[in-house]
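Heads up: the structure comes next, in structure tokens.
Where a number appears in this text, it was derived from the coordinates with a stated rule and is not lab data. This one's a predicted model, so the numbers in the text were calculated from it and none came from an experiment. Counting neighbours? That spans all protein chains shown, and the Cβs are built from the backbone with ideal geometry, glycine included.
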Amino acid sequence: MKTKSLLSIGMVAALTLGVLINSTTPADAKGGWKARHPRRAEVLGRDNNLNRRINANRGDLGGHYGQLKRQDRAIRRQEQRDARMNGGHITKGEQRQLNREENHVSREIKRDQ
């Protein structure tokens, strides 16, 4: 009987240790990715500006409000995926691509106003 209780205690201890190890991972791995990284900050700042412009001009966008919002969300999701794949930052190439996409949306907003 003592063997079974010692086994149970050992299993509980091992599971507890595993949970503790997994819960003490660095902040970057938990999703608190370096949002203040200069390239990320630039891309996210531009994205916030685009979102603000889309919302401010909702009635003047010639019926393209929904399309522009979807494009804006897609850019933000892509930035988040890129950062997740690169340990919390985006590469210069990813920044250039995201900037091109943001420029495209910005031109669409200007054209629709």
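Residue count for the stretch 34-65, restricted to those that are in contact (Cβ under 8 Å) with a residue 12 or more places away in the chain and assigned to a helix (DSSP H, G or I): 12. Only one entry in E94, E108 is under 19 Å from R39 (Cα atoms) and in contact with a helix residue (DSSP H, G or I) (Cβ under 8 Å, 6 or more places away or on another chain), namely E94.
Summed over the stretch 95-113, the residues that are free of Cβ contacts under 8 Å to residues at least 24 places away in the same chain and either over 14 Å from R53 (Cβ atoms) or surrounded by 14 or more Cβ atoms within 10 Å (Cβ to Cβ) (or both) give a count of 3. Using the structure shown, decide if G88 is in contact (Cβ under 8 Å) with a residue 24 or more places away in the chain and at positive phi. When the stated conditions are applied, G88 passes them.
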